[in-house]
Every structure is written in structure tokens, then in C-alpha cells.
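What follows draws every value from the coordinates through simple rules; no lab data is involved. Worth saying up front: this structure is predicted, and the values here are computed from it rather than measured. Every residue, glycine among them, receives a Cβ derived from its backbone with ideal geometry; neighbour counts consider all protein chains shown.
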Amino acid sequence: MRVAILAYDGCMGAEVLGLSDVLLVANRISAMRRPDAPAPFSVAIIGTRAGTVRLAGGAQLSVVAPAPFDLLVVPAFDFSGSEEITAALAALDAEKALIRRAAEQRKVASICGGSLLLADAGLLDGRQATTAWALAGEMARRYPRVEVLPDAVLVRAGEIVTSGAFTAYGDLALQLIRDCAGSSLARAVGRFSLIDQGPRSQAPYLDRRLGHKRKESFARAVGAWFEQRLAERYRLSALAASFNLSSRTLLRRFRAEAGCSPLDLLHDLRIEKAKLLLETTTLGVAQVAAEVGYLDVATFSRLFARHTQLTPATFRKRFQAVDVAVF
């Protein structure tokens, strides 16, 4: 498989070089197993034209002009706000044109926020796709014709594959190896590279504190009201009264903006607080449930598993050692 990785000013270098290096490892292990067989991958790091690009963080990388390839991979770009996303996309018209041309005859894949470039180029309309979990809401708002799956690590929609946050280049690489050279080589590369090979989800990693921030809005005001009252019983009438609205008007206005009900948001906020307590305290599961407003532990555990695809105990075992103080 001839893989072309598209590098451009402001792109995330680890995604470019990480994917290239994992595929290089695949070639090396393949050669050890079958010395006379051709390498399963050739990799080129391309730009819209030959020259040098400046990666996110300032490092420079030489790129070659596009040559025939079987798969084009598009990495993410750096940004710190919604306005910067708009500006970055506007500056990448040449890259989007290359992506559109590639999609006409070849396979295309993205890593992390590279899916925004695919969506902006029109490739994802009417398709399912994923991106970094922190960008999922932003992507869904910008591209309503795309069905964004925020929990997914890899989504294949025809000849287009999108992958999740940052280090999902490893998941994408293993999938390419499976497709091109078989599961045995993929398992060997995964073991060598310490890349998790089981079914994965972004759900356990979602953290609203690090999610993309929207401008002030009615939905955010409701969220702030909830955050001060997470352990209290939900009463729609009290919520509506605090905003001087009728219950019906509040529900209509909130759903129009957020696409869900206030109770859905409350459950999200409670689960996020529960995750923080499980990570940073030694409170028992029942105590954590009570702290976030659930008196029935079984109900809390079901909701927690629905949001994170892990039980509270499993989540604590996996994440409690993580230092979240910097957040």
C-alpha cells in the first residue's frame, strides 16, 4: 500500500511522524518474518507542493510533491479557539482541493481533527465520522450533514476512514496493517509498539473541562446553574423559575440550542463530577453516587457505564493514578 501523509503548515507533527513510524515498524517485522516478501507499505510525507512546512510547535519538515498513492492520510491542525479553526480551514484551500481530488479515485483517512478538513472539503456529507472527542460538538455544529460519533476511535464509511483523538494514529496504523497485511502482523506491531489492540472507545476519556469552549449561551447558563446544584433533586419548575421562563419555553429554547433536554445535560454533568471524584478521592461508589445526586447505586452505575462504557470500579482502577490537578 502506497500511503501518502499530508503535511501542511500548522499540522500536528506527532500524527504525521507517528503513523509513518508505526508503518515502518510493520515493514521491519514483516521483513524479519518473510525476508523475500516485499514490504507491505511505502510511505511518503507530501505537501501540496515540494518544500518545507512548519509543524504545530514550530519544527520544520521537508515534504515532497504528490506522487501516485493508494491512501491519503490527513492529520489534525493546531488551534486554541473556534475563530482559529475557521481561520485555519480558510487558509487550507489547496489542501482541501488535494483531498477532494484524492477522494475521487483513492481511499482517504484522517487522524483526530483532520476530519474537520475532510468535512470542510465536503467528503463527509451524509456519512458517519469521528474526531477527537473534544472536537465532536464543534464538528457536529459546523457540519450538520455529518453524523459525528464522538465515542468512536475508528469509523469506516466506504472508502473514508476517520479516527479519534491525537494518538489514534496508532489505531489507524493497526487497521491499515490488518487490511493490507493481515491480523498476525497487526498483533505483532501492536505488541511491539504498546498499542492497545482491543475494541476501544473515546468515552472513558471524555472530560468536559477540556472540551472546546463555546461562547456564552443559554445552554451554558443552564449548565452553570446545574453545576451549583448537582446533588439536588431535579425539578424542571425550579429551573424554569430561576430563568423567569415557563417550563415549556425553557425546554423548547434549551433543546433548540443544545439538541438535548436539560435533564440529559444534568446527567452529563453529574457523570463528569463522578469521574473526577473517582479519579481524585477514595470515596466509595455509593458515596460518589450520593455526592452527584443519585441515591440508588445501581441506577448510578448503569448511567455511568452508559456514558463511559466502564463500570465505576473499572474506571477508578484505570484512571485514579492520573494527576488531574493541572486541569
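Odds and ends about this structure:
- Angle in degrees between helix 169-181 and the longest Cα principal axis of the chain, rounded to the nearest 10: 50 degrees
- Springs between Cα atoms under 10 Å define the GNM used for the chain, and in it the highest mean-square fluctuation of GLN105, GLN228, GLN175 occurs at GLN228.
- On a per residue basis, the convex hull of the C-alpha atoms belonging to region 215-327 measures out at 112 Å³.
- Over the residues of the chain, the helix contribution to mean residue ellipticity at 222 nm works out to -14500 deg cm²/dmol, using -39500 (n - 2.57) for each DSSP H run of at least 4.
- Normalised Debye scattering of region 30-140 at q = 0.11, 0.14, 0.24 Å⁻¹ gives log10 I(q)/I(0) of -0.42, -0.65, -1.48, counting only Cα atoms as equal scatterers and leaving out solvent.
- Helix 183-193 vs. the chain, principal-axis angle (Cα, 0 to 90°, nearest 10): 70 degrees
- Long-range amide H partners of VAL73 with built H, under 5 Å: ALA4, ILE5, LEU6, ALA109
- Of the trypsin sites (Lys or Arg not before Pro) found in region 1-103, the ones in coil according to DSSP and having at most 15 other Cβ atoms within 10 Å of their Cβ are ARG49.
- Crossing angle, helix 13-33 versus the chain [Cα axis fit, 0-90 degrees, rounded to tens]: 60 degrees
- Computed from the alpha carbon positions, the gyration tensor of the chain leads to an equivalent ellipsoid with semi-axes of 40, 25, 16 Å, biggest first.
- Cβ-defined net charge surrounding ASP171, 14 Å radius [Lys, Arg +1; Asp, Glu -1]: 0
- Ranked packing of 73-85, 115-127, 139-151, 238-250, most packed first, by mean Cβ within 10 Å: 115-127, 73-85, 139-151, 238-250
- Mean shadow area of region 77-215 over all directions, Cα convex hull, nm²: 8.8 nm²
- Under 23 Å between alpha carbons - lysine pairs in the chain that sit 8 or more apart or on different chains: 6
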